[in-house]
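Asks: One structure coming up, written as structure tokens, with questions to follow.
The values are calculated or read from the model by the stated rules, or taken from the named source; none is laboratory data. None of these values were measured; they are calculated from a predicted model. In this analysis, Cβ positions are derived from the backbone assuming ideal geometry, glycine residues included, and neighbour counts consider all displayed protein chains. Side chains included, ligands, DNA and RNA excluded: accessible areas come from the protein's heavy atoms. Shrake-Rupley method; radii C 1.70, N 1.55, O 1.52, S 1.80 Å.
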Amino acid sequence: MNAFMASTIRLFVSLACLMLITLTVVADESDQPPQPKEMISITTTVPASSKQAIPIAANAGSEFAITLDSNATTGYQWRLGNQPDEKIVKSMGSVYNEPKSRLMGAGGTEAWTFQAAGKGTTQIVLEYARPWEKDIAPIKTQTFTVTVQ
């Protein structure tokens, strides 16, 4: 066997081994089913004089969303009225969802997403106010008591 042929065979065997290793790694990764994230969604309408806390139960590591009626055309938006205990619940932010109606001035919803970080109980207070009105009380306030297990 000449040197060229031996070199070609070694190259072919090396490539075949590399392909086999690659296929094995890909097969091992695809054997594991994707882990679904637990997501809890709470939608509520908050009256102007709501005083009662809404309970939320979540498992540690899960995410949950609180969706509230909101109307961006009025300048009002929901904001955190307190900083919940971040060892228990972390705010992931909020998103304004446009109204489904095409009527001028129609309201949409605002969805706040939180991560249940660790076991315990904390409160989330959301306030409906105009961000530029610093010395004016919010027109709506809603408290949520979150228990993470």
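Asks: On the basis of being touching a residue at least 12 places away in the same chain (Cβ under 8 Å), open to solvent by 40 Å² or more (accessible area, probe 1.4 Å) and out of contact with any helix residue (DSSP H, G or I) (no Cβ under 6 Å at 6 or more places or on another chain), does Ala117 make the cut? Spell out the reasoning first.
Replies: On the way: touching a residue at least 12 places away in the same chain (Cβ under 8 Å): yes; open to solvent by 40 Å² or more (accessible area, probe 1.4 Å): yes; out of contact with any helix residue (DSSP H, G or I) (no Cβ under 6 Å at 6 or more places or on another chain): yes.
Against the criterion (touching a residue at least 12 places away in the same chain (Cβ under 8 Å), open to solvent by 40 Å² or more (accessible area, probe 1.4 Å) and out of contact with any helix residue (DSSP H, G or I) (no Cβ under 6 Å at 6 or more places or on another chain)), Ala117 qualifies.
Rundown of residues vs (1) in contact with a Ser or Thr (Cβ under 8 Å, 6 or more places away or on another chain); (2) of a type outside the set (Val, Ile, Thr); (3) more than 19 Å from Val125 (Cβ to Cβ); (4) at pLDDT 70 or above, yes/no style:
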residue	(1), (2), (3), (4)
Ser7	no, yes, yes, no
Leu15	no, yes, yes, no
Thr43	yes, no, no, no
Ser49	no, yes, no, no
Gln77	yes, yes, no, yes
Val89	yes, no, no, yes
Glu110	yes, yes, no, yes
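Asks: From Ile124, Ile88, Ile136, which residue is among the β-branched types (Val, Ile, Thr) and farther than 21 Å from Ile54 by Cα? Can you show your working first?
Replies: Values: Ile124 fails: farther than 21 Å from Ile54 by Cα; Ile88 fails: farther than 21 Å from Ile54 by Cα.
The unique qualifying residue is Ile136.
Asks: Are any residues in the stretch 70-92 of a type outside the set (D, E, K, R), closer than 23 Å to Lys119 by Cβ and open to solvent by less than 70 Å² (accessible area, probe 1.4 Å), and if so, which ones?
Replies: Within the stretch 70-92, Leu80, Asn82, Pro84, Ile88, Val89, Ser91 qualify.
Asks: Does Ala106 fit the bill of being aliphatic (A, V, I, L, M), in a loop (DSSP other than H, G, I, E, B) and within 22 Å of Pro138 (Cα to Cα)? Full working, then the answer.
Replies: Details: aliphatic (A, V, I, L, M): yes; in a loop (DSSP other than H, G, I, E, B): yes; within 22 Å of Pro138 (Cα to Cα): yes.
Against the criterion (aliphatic (A, V, I, L, M), in a loop (DSSP other than H, G, I, E, B) and within 22 Å of Pro138 (Cα to Cα)), Ala106 qualifies.
Asks: Kindly check whether there is at least one residue in the stretch 127-134 that is open to solvent by less than 20 Å² (accessible area, probe 1.4 Å), in a strand (DSSP E or B) and within 15 Å of Ala57 (Cβ to Cβ). Before you say what the answer is, go through the steps one by one.
Replies: So in the stretch 127-134, the residues open to solvent by less than 20 Å² (accessible area, probe 1.4 Å) come out as 128-129.
With in a strand (DSSP E or B) added as a condition, the list becomes 128-129.
From the residues that got through so far, the ones that are within 15 Å of Ala57 (Cβ to Cβ) too are none.
So far as the stretch 127-134 goes, no, none of its residues is open to solvent by less than 20 Å² (accessible area, probe 1.4 Å), in a strand (DSSP E or B) and within 15 Å of Ala57 (Cβ to Cβ).
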